[in-house]
Structures are given as C-alpha cells and as structure tokens.
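Okay, so here's the structure we're looking at.
The values are calculated or read from the model by the stated rules, or taken from the named source; none is laboratory data. Source: prediction; values computed, not measured. No Cβ is skipped: glycine too gets one built from the backbone with ideal geometry, and neighbour counts run over all protein chains shown.
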Amino acid sequence: MRIAVNARMLTQRNPGGIGTYAFETLRRITARHREHDFLFIVDRPFPRRGSFPGNVFVTRAFPSVHPFLWYPWFEWAVPRILRRFGADVFLSPDGFIPLSGSVSAVAVIHDMNFHHNPEDLPCLHSRYFNHFFPRYARRARSLATVSEHSRKDIACICAVDPGKITVTGSAAEGSFQPLTEAERAKMRQELTGGVPYFLTVGALHPRKNLVRLIEAFGRFRDENPCEVKLVLAGPRMFKTREIFRARERIRFGKDVLFIGAVPDDRLPWIYGGARAFFFVSYFEGFGIPALEAMSAGVPVVAADRTALPEVCGDAAFYVDPFSVNAIAGAMKILFYDEALRRELVEKGTIRKGRFSWDRTADLLWQAVERTLV
C-alpha cells in the first residue's frame with residue numbers, strides 16, 4: 001500500500017499537541033508497517049528525517065503558513081502529488097484533506113473548539129476551520145479523534161456517523177518521570193531561586209484560560225502569606241495581550257514567570273519541580289500536559305469540563321474554569337494539603353498507565369485500515 005501523509009506539523013518549530021501526536025504515531029506506524037511505502041508531504045525543510053525508517057519518502061510543496069495558502073495547498077498541490085505517487089490512502093493528522101480527487105482519506109480531527117469558541121482564533125483561521133472542517137469530516141473515508149468527548153462533538157457538529165470515528169487517545173512521552181527530592185530542589189533553584197512554584201504548560205492563547213489563572217494566583221497570594229510563584233511555559237500564539245495585562249493588574253505580578261517554549265529535554269525537569277500543575281483550559285480535546293504532569297509525579301488541578309474529566313479520571317482536583325475563586329481555592333488546598341498532594345500523585349501514576357503512544361498508534365492504524373474495507 002502507498003500511503004501519503006500530510007506531515008506539515010512535523011516541520012513546525014513549536015508543534016504543540018497535534019505535532020506531538022503526529023510525530024509519536026507516525027514514527028511507530030512507519031516502523032511497524034515497513035511493507036508499505038509512506039510519502040510525507042511537507043511545506044518547509046524536514047528536520048526529522050533520521051527519526052523515520054527507509055520506507056518513508058519526503059516531498060516538499062510550496063509554503064502554506066498563511067490561511068490564504070491552505071486552499072491551494074490542499075486542493076491543487078496535494079492532489080497532484082497524490083496522483084504522481086499513486087497513493088492508495090491520504091492520512092492527515094491535523095484534519096486537513098483535499099475535497100477533490102478519489103484517494104481515500106483518513107482525517108484526525110482533535111477537537112471542535114473553533115466551533116464553540118470562534119472568537120479565540122484570528123478571523124481568517126476561524127472562518128476557514130468552520131467552513132471547511134465539517135466538509136473534511138464528511139469527505140473523509142475514516143475519521144479519528146483523541147477522546148470520546150471529541151467523537152460525540154464531531155459527530156453532532158459535522159453531521160457524520162459516530163461509528164465512522166475511531167477514538168485513539170493520546171499519551172505522554174516516556175521521558176516524563178518523577179524527580180528525586182534533590183533534583184526537585186535543583187530545578188526550583190534554577191527556575192525560581194528556590195521558591196516553590198505552580199506550573200501550567202501550553203501555548204498562550206485564550207482557551208487555555210490563563211487570564212483567570214493569573215487572577216486566581218493574585219487572589220491566592222493576597223489572601224495567603226506564603227512564598228510561591230506561577231510559571232507559564234509555552235510559546236505565544238493568538239490574542240495574548242490580555243494575558244500579559246492580567247499579570248500587570250495583580251499585586252504579585254513579578255512572581256508570574258513567562259518562560260516561553262521549553263526544549264523537549266528540559267520540559268520533564270520543569271514539570272518535576274512543580275508543587276502542582278494547573279490545567280484549567282475551558283476547552284480541551286484531550287490534554288496531553290495533564291498526563292505529562294502525572295508521569296512526572298506532580299498533582300494535577302484540571303478544569304471540570306470537555307475532555308479533561310475523561311482523561312484525568314479520579315487523578316485530578318477539579319475546578320470550574322470560569323471561577324477565579326475556585327481556582328484560587330485549589331491553589332490554597334494544593335499548596336498546604338500534603339496528604340491530598342500525595343493522593344493525587346499516587347492516583348496519577350495509575351491513571352497515566354491507561355494511555356500509551358503504542359496503543360494510540362495501533363488505533364490510528366486501524367482507522368487507516370478501515371479505508372480499505
């Protein structure tokens with residue numbers, strides 16, 4: 001079989017959850033199914049050739065960074081490449097597929113936040129996603145997504161049979177492990193001068209709910225005489241002005257640290273040094289950072305909606321993401337209650353074992369095989 005892959009997200013500097021999903025699943029699928037040829041279609045130089053076996057070939061089309069270029073990339077450039085390659089299947093880990101042509105397509109649609117919260121995105125992105133993604137979902141021969149929450153959401157909004165959608169889940173990479181106490185102390189010393197810190201990880205944009213998180217931190221510090229910092233790790237994306245204004249408004253803004261995108265080899269250490277991990281997004285299709293924190297032996301505070309309760313189970317302390325008081329209250333509890341912290345860490349160790357990239361890759365491959373039936 002000849003399988004063409006939309007591999008644009010493997011060339012991105014800060015790929016995020018979708019890029020992580022693509023890399024972890026594709027490197028397993030291509031290694032396990034060497035009887036098939038894979039063609040990775042990219043739009044920029046491909047820096048990860050050494051991570052994939054010899055049955056993977058790479059071809060490059062013109063850059064497609066701007067939304068104005070997405071349509072010609074997928075409707076003109078990709079179909080020509082598919083014909084030239086003689087593709088049997090087109091696999092797209094970020095959901096974009098050609099609407100024309102006869103090649104069977106597998107689209108991975110991670111969530112429908114663009115439908116529920118269109119204001120979170122730049123106007124062109126929002127309009128494009130809301131216009132085309134329901135069409136992609138109906139055009140695809142097979143669909144995959146990362147949670148049961150997203151499966152139901154996609155089926156309803158895109159008007160497709162839920163039986164067409166495979167839930168693959170996601171996972172945390174194996175480098176996330178608990179630190180020793182000495183390692184935790186070293187990490188705190190490097191990052192905050194030895195002061196304990198709360199952590200959140202993810203790209204800076206509205207649905208991560210960082211304005212309320214910062215306001216909650218300010219309220220917690222106003223009401224509790226303790227030394228602690230709030231560390232936000234992740235690259236800037238969309239509409240970040242209000243996030244930085246929130247830091248300026250609170251009395252302890254100097255204790256809110258934006259450290260930007262973190263190299264992969266350093267990220268497990270930053271997780272491991274945290275007193276608690278806060279993941280209070282008001283919309284998540286899955287939430288890989290919650291599993292990364294559990295794997296690093298750090299208690300998790302999570303929003304009580306969308307896919308997070310499905311992913312975290314009983315291994316998180318849940319809050320209403322729209323309540324600053326609730327988030328501030330969780331900070332107080334997780335800072336002072338050592339017994340609860342230990343309980344959440346123990347439950348997180350069990351919970352994260354339910355997810356693995358091997359299982360996710362196998363399920364995504366099943367979605368590919370369904371196109372041949």
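Residues of the stretch 9-34 being assigned to a helix (DSSP H, G or I), modelled with pLDDT of 95 or more and out of contact with any helix residue (DSSP H, G or I) (no Cβ under 7 Å at 6 or more places or on another chain), which ones? Within the stretch 9-34, Tyr21, Leu26, Thr30, Ala31, Arg32 meet the criteria. For Arg266, the conditions (1) in contact with a helix residue (DSSP H, G or I) (Cβ under 9 Å, 6 or more places away or on another chain); (2) surrounded by fewer than 16 Cβ atoms within 10 Å (Cβ to Cβ); (3) more than 30 Å from Ser126 (Cα to Cα) all hold with the exception of (1). Exactly one residue out of Glu242, Glu227 is acidic (Asp, Glu), part of a helix (DSSP H, G or I) and assigned by TED's automatic domain parsing to the domain that holds Ser295: that is Glu242.
Each residue in the stretch 330-373 was checked for being surrounded by 18 or more Cβ atoms within 10 Å (Cβ to Cβ) and assigned to a helix (DSSP H, G or I), and 18 pass. Taking the criterion of being touching a residue at least 12 places away in the same chain (Cβ under 8 Å), surrounded by fewer than 21 Cβ atoms within 10 Å (Cβ to Cβ) and within 23 Å of Arg359 (Cα to Cα), the only residue of the stretch 152-165 that qualifies is Lys164. Each residue in the stretch 29-68 was checked for being surrounded by 14 or more Cβ atoms within 10 Å (Cβ to Cβ), under 28 Å from Pro122 (Cβ atoms) and under 24 Å from the mean Cα position of the chain (by Cα), and 9 of them qualify. For the stretch 280-299, residues that are more than 18 Å from Asp120 (Cα to Cα), β-branched (Val, Ile, Thr) and touching a Lys or Arg at 6+ places or on another chain (Cβ under 9 Å) total 1.
Looking only at the stretch 237-244, decide whether some residue is in contact with a Pro (Cβ under 6 Å, 6 or more places away or on another chain) and closer than 26 Å to Val167 by Cβ. No, the stretch 237-244 contains no residue that is in contact with a Pro (Cβ under 6 Å, 6 or more places away or on another chain) and closer than 26 Å to Val167 by Cβ.
Of all the listed residues (Ala276, Ala307), the sole one being among the hydrophobic types (A, V, I, L, M, F, W, C) and within 17 Å of Glu346 (Cα to Cα) is Ala276. With respect to being touching a residue at least 60 places away in the same chain (Cβ under 8 Å), under 15 Å from Met9 (Cα atoms) and of a type in the set (Phe, Trp, Tyr), Phe85 falls outside the description.
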